[in-house]
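**Q** Here it is: the structure, laid out below.
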Amino acid sequence: MATLPDLDPGTLPPETAALRARVRGFLADEPFTPRCDCWLTGADPAFSRRLGEQGWLGMTLPARYGGHGRSPLERFVVIEELLAAGAPVGAHWISDRQVGPSILANGTEEQRQEFLPAIARGECFFAIGMSEPDSGSDLASVRTRAERVPGGWRLHGTKVWTSGAHLAHAILVLARSASAGDDRHAGLSQFIVPLPAEGVTVRPILAMTGGHHFNEVVFDGAFVPDAMVLGQIGDGWRQVTAELAYERSGPERLLSTFLLIRLLAERADEAGARNAVGGLLARLWALRQASLGVAGALAQGRTPDLPAALVKDLGTRFEREVVETVRRHTAVEPDPGSADPLARALAEAVAQTPGFTLRGGTNEILRGIVARGLGVR
Amino acid sequence: MSELLEETAHQIMAAPDPWPALEDAGLTLVGVPEEAGGSGGTLEDAAVLLRAAGYHGAPVPLAETGWLAGRLLAAAGLPVPSGPLTVAHGPSGGPLRRVPWGRAARCVVLADGSVAILDPAQVTEGANLAGEPRDDLVFDAAEAVAPCPVTPAELRRWGALARAVQLTGAMRRALELAVAYAGEREQFGRPIGRFQAVQHLLAEMAGEVVVADVAVRAAVRTPDDPVAVASAKANASRAAGEVAAIAHQVHGAIGVTAEHPLHRTTLRLWSWREEYGDEHAWAAELGALDGDPWELLTGTR
């Protein structure tokens, strides 16, 4: 029987305390309005540039590419502070979290020089074109096609739920460059398309409460020169899945509703509400240790895919538990237009909650990954 | 080192009565300083042993002897006697309620800022749900008394962390039993583990086990941090209920019988999640702390 590997706790190095204090000092002087799910819905390009000036974007990238040579655990401290504060980090989130590391790992020298310094300055935001109208959980079924032409490729197809494509300076597209054959994971490739581009149309997909975070991105023969292929043609599946542990286990899978805990604590004036805050803190403390453990394993060069999937499953369900706990202990109705921060945050959280357990791999897909790891699938 | 210790621990704990082998190997007082008569080693070493004891449901007062009584005596500067020990907090004469293994161990009593090693004059036997001795004790006189810097609240945290470690061992055992059973038991012509509904139960269980485990390991590294210990025990106690429920659901009716070994694990999960405070008690302690929740969580209060 396959068994679960133990996950060692991740220990933050002592020098991160000063870094954390600096981030808190910076945030105290920033005039943003805190919001739930800020890493999807709180886009502010100017704020992102100010973070870049502080050296808090592209932190783990090497200095020769404009990065800061910091450890993943130092980055963990910065991003958890930003998330807990509800800061507007949405514009750069994807470029900082996964596109930068992916270009570093798979890109050409020219691609690294072109994109990484700009990512670290907060001047180059990426979107990632993965899901399609007929390809959600079954990502390998993507039908966006890369057609070989002299000097490069032409892309044909439609991507959906593309977060931030309307703000992005480029999109990283997963497309089929060869028919699948026996191995459906073969024949996939990644392409970098600077935006706007001829043959690319970006249209909003409005969220149920009217917010514009998602887009449909249509590729109608857009040309990608060979120099903008990321990594190896045909190696797209491996390149995409290699990032998953980074994408799935970060503190953004626990903290999307943290603002509500803080607001509940501020007005918890009877024992029931205080106990409820304590219960949420206990759970979050444990989940944060797990997230830190995965970050520590990544920092040591391991790829803890299975624990990462577990953290996302439990973490995102915790984010929903926070909403329900706040509802139980306050008489506040969710109201996006309210002057009461709790009513506003509750409105943000309630409407965003369905997305928590969908994005980055649905929790059902994640449990399938875990079941395979346990040897029952 | 800790892998070797873990291997040894599992070999010993799997026996019906591991106590003599533990004493022979000098493993009953790991985590207690050598100068106090302990075996030395870190609290993390002691946790390796305790987790293995929890995994096997070993009928030994290991948490009580070293982790609790041994460290308490060491803190008070008293030599640690040989043999099984237990601890209690309360009035020096007693009665002391539900003392773990009270009938089978000398008792280190913390009362009014001092500790004493006592042999009970009167024992009223009791047990927890798993049948582990939880006895009421009455005492005549103290054998050794010394002032003790450890407060009752600290001793309760020590106990909570010990039970949390035992819970993580038992939860891992429950997961392994459930995964194995799902691979063996066939219905509708295939192992039940082939059904996605069962797979998702097992995955959920695995999540609880891994998160509880890493949190408790982290707390063992910072045992003096009240937020860490409270969170670790609250989460382990909460997870224990989920894990026990899923383990039984996967096992079906055979799991609730005396003949099947699952109950050795789940009865302990249900007992230990209550002892030294359940998830609600520790949540209340966390909720009563002053300060910003984020500063509490990150230890920057």
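The values are calculated or read from the model by the stated rules, or taken from the named source; none is laboratory data. What you see is a predicted model, and the numbers here were worked out from it, not measured in a lab. A quick note on method: Cβ atoms are made from the backbone with ideal geometry, for glycine too, and the neighbour counts reach across all protein chains shown. For the accessible areas, the whole protein counts, side chains as well, though only heavy atoms, and no ligand, DNA or RNA atoms are used. Shrake-Rupley method; radii C 1.70, N 1.55, O 1.52, S 1.80 Å.
**Q** Counting only other chains, what is the mean number of Cβ atoms within 10 angstrom of the Cβ of each residue in peptide B:275-287?
**A** 4
**Q** Now a separate question. Which sequence of B:ASP24, A:ASP8, A:ASP134 reflects their accessible areas, 1.4 Å probe, from the largest down?
**A** So, going from the largest accessible area down, we get B:ASP24, A:ASP134, A:ASP8.
**Q** When chain B is treated as a GNM, springs tying every alpha-carbon pair under 10 Å, which of B:LEU73, B:LEU161, B:LEU22 comes out with the largest mean-square fluctuation?
**A** Looking only at B:LEU73, B:LEU161, B:LEU22, the largest GNM fluctuation is found for B:LEU22.
**Q** I'd like the antiparallel share, as a percent to the nearest 5, of DSSP beta bridges with both residues in chain B.
**A** 80 percent
**Q** Rank A:ILE205, A:LEU281, A:LEU254 by how far each Cα sits towards the positive end of the charge dipole of the stretch A:188-306 (+1 on Lys, Arg Cβ; -1 on Asp, Glu Cβ) and give me just the farthest.
**A** Final value for the positive-end residue is A:LEU281.
**Q** Under a GNM of chain B (C-alpha, springs under 10 Å), which listed residue has the highest mean-square fluctuation: B:PRO16, B:PRO95, B:PRO152?
**A** B:PRO16
**Q** Same structure again: How far apart, in nm, are two points set 7 Å out from the Cα along the Cα-to-Cβ line at A:HIS212 and at A:VAL149?
**A** 2.9 nm
**Q** Right, next: As an exercise, use a Förster radius of 60 Å and the Cβ-Cβ distance of A:ALA227 and B:SER114 to find the FRET efficiency, rounded to the nearest 0.05.
**A** It comes to 0.15.
**Q** Using only Cα atoms and rounding to the nearest 10 degrees, what angle (0 to 90) does helix B:2-13 make with the longest principal axis of chain B?
**A** 90 degrees
**Q** Let me ask something else about it. Per residue, how much accessible area does the protein assembly as shown show when a 1.4 Å probe rolls over the protein heavy atoms, in square angstrom?
**A** 39 Å²
**Q** If I stretch the segment between A:ARG328 and A:THR303 completely, what's the gain in nm (0.36 nm per residue apart, minus their alpha carbon distance), one decimal?
**A** 5.1 nm
**Q** Percent of accessible area on the stretch A:240-374 owned by carbon and sulfur, 1.4 Å probe?
**A** Summing carbon and sulfur atoms, their accessible area is 52 percent of the total for the stretch A:240-374.
**Q** Are there GluC sites (Glu not before Pro) in the stretch A:190-294 that DSSP marks as loop and that have at most 10 other Cβ atoms within 10 Å, and which are they?
**A** Here the GluC sites (Glu not before Pro) that fit, given the DSSP loop and packing criteria, are A:GLU198, A:GLU270.
**Q** Apply 1/(1 + (r/R0)^6) to the Cβ-Cβ distance of A:GLU123 and B:ALA21, taking R0 = 51 Å, and write down the FRET efficiency to the nearest 0.05.
**A** FRET efficiency, A:GLU123 to B:ALA21: 0.20.
**Q** Describe numerically, in nm with one decimal, the distance between label points set 7 Å from Cα along Cα→Cβ at A:HIS169 and at B:ALA288.
**A** Here the answer is 5.4 nm between the modelled labels.
**Q** If the label point is 7 Å along Cα→Cβ of B:ASP140, which residues in the stretch B:114-129 have backbone nitrogen under 15 Å from it?
**A** Answer for this model: B:118-123.
**Q** Taking 0.36 nm per intervening residue step and subtracting the Cα-Cα distance, what contour gain separates A:ARG22 from A:THR241 on full extension?
**A** 75.5 nm
**Q** How far is helix B:226-251 tilted off the main Cα axis of chain B, in degrees rounded to 10, range 0 to 90?
**A** 40 degrees
**Q** How big is the charge dipole of the stretch A:128-235 about its Cα centre, in debye rounded to the nearest 20, if each Lys and Arg gets +1 on its Cβ and each Asp and Glu gets -1 on its Cβ?
**A** Roughly 140 debye for the stretch A:128-235.
**Q** Gaussian network model of chain A, Cα springs within a sub-10 Å range: biggest mean-square fluctuation belongs to which of A:ASN363, A:ASN215, A:ASN275?
**A** The residue with the greatest mean-square fluctuation here is A:ASN275.
**Q** Along the positive direction of the dipole of the stretch B:123-228 (beta-carbon charges: Lys, Arg +1; Asp, Glu -1; about the Cα centre), which of B:PRO133, B:ALA170, B:GLY193 reaches farthest?
**A** It is B:GLY193, whose Cα lies furthest towards the positive end.
**Q** Also, quick follow-up: Of all beta bridges DSSP finds with both residues in the protein assembly as shown, what is the antiparallel percent, to the nearest 5?
**A** 85 percent
**Q** With N set to the number of residues, divide the alpha-carbon radius of gyration of the protein assembly as shown by 2.2 N^0.38 Å and report two decimals.
**A** 1.05
**Q** Roughly how many nanometres apart are two label points built 7 Å out from the Cα toward the Cβ at A:ALA46 and A:THR11?
**A** 4.4 nm
**Q** Averaged over every viewing direction, what's the projected area of the C-alpha convex hull for the stretch A:240-374? Give it in nm², one decimal, please.
**A** If you wrap the Cα atoms of the stretch A:240-374 in a convex hull and average its projections, you get 8.8 nm².
**Q** Nearest 500 deg cm²/dmol is fine: what mean residue ellipticity at 222 nm does chain B get from its DSSP H runs of n ≥ 4 alone, each adding -39,500 (n - 2.57), divided by its residue count?
**A** Taking each H run of at least 4 residues, the total per residue is -16000 deg cm²/dmol.
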